[in-house]
Amino acid sequence: MSEAIRYEMHGPVALITINRPESRNAMNAAVRAGLTAAWQRFEQDPAARVAILTGAGDKAFCAGMDLKEASATGLKVPPRGFIPTLGDAIEVSKPTIAAVNGVAVAGGWLLAQMCDLCLAAEHASFAITEAKVGRGTPWAAPLIHMLPQRIMMELLLTGEPMSAARLAALGYVNHVVAGGELLPRSLELAARIAANAPLTVAACRALVYAATESGRSEALRAGERLFEPVYLSEDAQEGPRAFAEKRAPVWKGR
């Protein structure tokens, strides 16, 4: 971990914070390395059930790549893994939440997009600005599963920002809340997820992503494969037993 990234545990929830508010939390080498370490730590810790990604301060979630650094290094085609993208360069099997506390621009949009859920402050806005600076957006391809085609086209071609409220109306943002409520609401949502059976939660998450890459029949078969070990687990017996005994279940994750 680096000073550019803070990692804190709130019960079973890992809070990962990009800590460069003076640079609008732009991703330089220290942020990228710190995020890689943070995601690996989260995945490897059995006590961490859900992760929240946010930015320090209330102005910016992340302003994307540090363009001053990119200019100084003459960056051309970013190598795979240049940005620690979940589901591509880094595999994480547990739920993640983006808590967008300000602007999410370019690579900052990517960081919000790669998380499973997204909460945003009322003043937050999102933009894919690469067309304004001559850079590329190969990472935006999955956005076609999250937004209507013409909305995606507008965002990519104009580079203009879109409000959190508009994106919530389009289904891209789960909840828009007052700025001071962003972290409490994110932690509350994460705690509700963390209280559920971890094997079922992981399989549900995997099912959603499998379905985005499959037709109807193939997605159904993928679901059967994903959930067979869940049905056969100890937790699958513990849940109904706890319900019958009118007590909270004790999940073992096996």
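The values are calculated or read from the model by the stated rules, or taken from the named source; none is laboratory data. Here the structure is a predicted model, which is why all the values come from computation and not from measurement. Every residue, glycine among them, receives a Cβ derived from its backbone with ideal geometry; neighbour counts consider all protein chains shown.
Assorted remarks:
- Within region 24-81, the set of residues being charged (D, E, K, R), assigned to a loop (DSSP other than H, G, I, E, B), at pLDDT below 90 and surrounded by 14 or more Cβ atoms within 10 Å (Cβ to Cβ) comprises 66 only.
- Of residues in region 6-23 being among the aliphatic types (A, V, I, L, M) and under 21 Å from residue 199 (Cβ atoms), the one surrounded by the most Cβ atoms within 10 Å (Cβ to Cβ): 14
Conditions tested, residue by residue: (1) modelled with pLDDT under 95; (2) under 20 Å from the mean Cα position of the chain (by Cα); (3) farther than 23 Å from residue 43 by Cα.
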| residue | (1), (2), (3) |
| --- | --- |
| 167 | no, yes, yes |
| 172 | no, yes, yes |
| 188 | no, yes, no |
| 217 | yes, no, yes |
| 221 | yes, no, yes |
| 246 | yes, no, yes |
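- Against the test of being within 24 Å of residue 143 (Cβ to Cβ) and either surrounded by fewer than 15 Cβ atoms within 10 Å (Cβ to Cβ) or not hydrophobic (A, V, I, L, M, F, W, C) (or both), the options 213, 234, 228 yield a single qualifying residue, 213.
- Residue count for region 32-58, restricted to those that are under 14 Å from residue 82 (Cα atoms) and in contact with a helix residue (DSSP H, G or I) (Cβ under 9 Å, 6 or more places away or on another chain): 1
- Residue 206 meets each of the listed conditions (1) in a helix (DSSP H, G or I); (2) touching a helix residue (DSSP H, G or I) at 6+ places or on another chain (Cβ under 8 Å); (3) over 26 Å from residue 249 (Cβ atoms); (4) hydrophobic (A, V, I, L, M, F, W, C) apart from (3).
- Qualifying residue in region 218-235 (condition: in contact (Cβ under 8 Å) with a residue 60 or more places away in the chain, among the charged types (D, E, K, R) and part of a helix (DSSP H, G or I)): no
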